[in-house]
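Written out below as structure tokens is the structure these notes cover.
Just so it is clear, none of the values below were taken in a lab; they were calculated from the coordinates. These figures come from a predicted structure and were not determined experimentally. Counting neighbours? That spans all protein chains shown, and the Cβs are built from the backbone with ideal geometry, glycine included.
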Amino acid sequence: MAFAGGDIIIFKPYESESITLSYLLNSSVSNKQKYKFGQGHSIVHIYPFHLKKIEIVLPTLPEQKKIAEILFFWDKAIEKQEQLVEKLERRKRAIMQPIMRGKIRLSGFAIKWGDTELGDLLDYIQPTPYLVRDTLYDNKYPVPVLTAGKTFVLGYTNEIDGVFVDLPVIIFDDFTTASKFVNFPFKAKSSAMKLLKAKKNVNIKFVYEAMQQIKYAIGGHERHWISKFSYITIPLPGIEEQNKIAEIISCIDTEIDLAREILGAFRSQKNCLMQKLLTGKTRVKL
């Protein structure tokens, strides 16, 4: 038994495979039709009578079941890879937290750590010269446009002037305090982004990792770096120990990045397969 809220529409198929229908309703062909239904409204609502108008290519029931089996297999592979990524991220946190706090010391280092403000470790640069002008992105373009939020890469632009190349750098959202470590050329989307560069004898990778462990309560809609965040202190070892810890972080991140790349490949392959199977361009053998 399950309960559905007022904004949830429940469909019960007549003589069709429900799993295949769910894939069809989330296909690019169906989504284009749903977007049209939502246009012209300040608050978008899709109603049952809208969804009843969606036109789909529906194969025979045996073929529907076969398609559902194939796509469900890909969903399970994606789910398994997502779990692996989460496992690797949890392992990284378990390894790095005591190291980043100086509770576990690396062999060969004994100098006491001190607490240092972030503003004494990082210089900030305003993003104005590096802001993208046109938001008509295309994956064929060469320059990524970044945000410090979860999306990270918003798209790609063909604007080759004003590209930030003084790498590596930390991009910092001045309103949400989200941050990302970047080691490739890019353009920025938001003027609320701060570009943070390491000062002399500071390993930026180490500082970035320390920033990810900061628990910071965001208040109202205000900028945070200059007035508050830059005054937060982190435990800091000498530069040699910073460099060694950063090497460990990079090794762990390489494994996580590879797992994420595989996850992205699985999702792309499934989407490509969906496009072919759900439009009849590729037929399954029964």
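Annotations
- Of the chymotrypsin sites (Phe, Trp or Tyr not before Pro) in the range 203-286, those whose Cβ has at most 14 other Cβ within 10 Å and which sit in DSSP loop: 216
- Stretching the chain fully between residue 254 and residue 192 yields a gain of 19.4 nm (0.36 nm per residue, less the alpha carbon separation).
- Neighbourhood net charge (14 Å Cβ-Cβ; Lys/Arg +1, Asp/Glu -1) for residue 66: +1
- Only the Cβ atoms of Lys and Arg (+1) and of Asp and Glu (-1) were treated as charged; on that basis the dipole of the range 182-286 about its Cα centre amounts to roughly 800 debye.
- Centre separation in Å (Cα based) which lies between the range 258-286 and the range 120-184: 30 Å
- Excluding exposed DSSP-loop GluC sites (Glu not before Pro) (at most 14 other C-beta within 10 Å), longest clean stretch of the chain: 56-221
- Over the range 48-138, volume per residue of the alpha carbon convex hull, in Å³: 315 Å³
- Gyration tensor analysis over the Cα atoms of the chain returns equivalent ellipsoid semi-axes of 45, 24, 19 Å (largest first, whole Å).
- Point-to-point label distance, residue 279-residue 125, nm (Cα→Cβ direction, 7 Å offset): 4.2 nm
- Under 13 Å, Cβ to Cβ, from residue 191 - net charge with Lys/Arg +1 and Asp/Glu -1: +3
- The aspartates and glutamates whose alpha-carbon is closer than 16 Å to the alpha-carbon of residue 66, local same-chain residues fewer than 8 away aside, are 15, 17, 75.
- Proximal charge balance of residue 79 [Cβ under 13 Å; K/R count +1, D/E count -1]: +2
- Candidates 108, 158, 60 compared by Cα position along the dipole of the range 60-196: farthest toward the positive end lies 108, with charges placed on Cβ.
- Extension gain from residue 112 to residue 49, taking 0.36 nm per residue of separation minus the Cα-Cα distance: 15.8 nm
- Lysines with Cα under 21 Å of residue 244, excluding same-chain neighbours fewer than 8 positions away: 92, 103, 112, 180, 197, 199, 200, 205
- Diffusion coefficient (Stokes-Einstein, Kirkwood radius over C-alpha pairs, 20 °C, 1.002 mPa s) for the range 114-236: 144 µm²/s, rounded to a whole number.
- Among the trypsin sites (Lys or Arg not before Pro) found in the range 112-220, those both in a DSSP coil and sparsely packed, with 14 or fewer other Cβ atoms within 10 Å of their Cβ, are 112, 133, 140, 150, 199, 200, 215.
- Charged side chains reduced to their Cβ positions (Lys and Arg at +1, Asp and Glu at -1) give the range 114-236 a dipole of some 140 debye around its Cα centre.
- Dipole magnitude (debye, nearest 20) for the chain, charges at Cβ of Lys, Arg, Asp, Glu: 640 debye
- Over the chain, relative contact order from alpha-carbon pairs under 8 Å, at least 6 apart, %: 22 percent
- Taking the charge dipole of the range 123-212 about its Cα centre, with +1 at Lys and Arg Cβ atoms and -1 at Asp and Glu Cβ atoms, the residue from 178, 142, 191 reaching farthest to the positive side is 178.
- In the chain, taking the dipole from charged Cβ atoms about the Cα centre, the farthest positive-side position among 232, 274, 128 is held by 274.
- Taking 10 °C and 1.306 mPa s as conditions, the range 191-249 diffuses translationally at an estimated 122 µm²/s according to Stokes-Einstein applied to its Kirkwood radius (Cα pairs).
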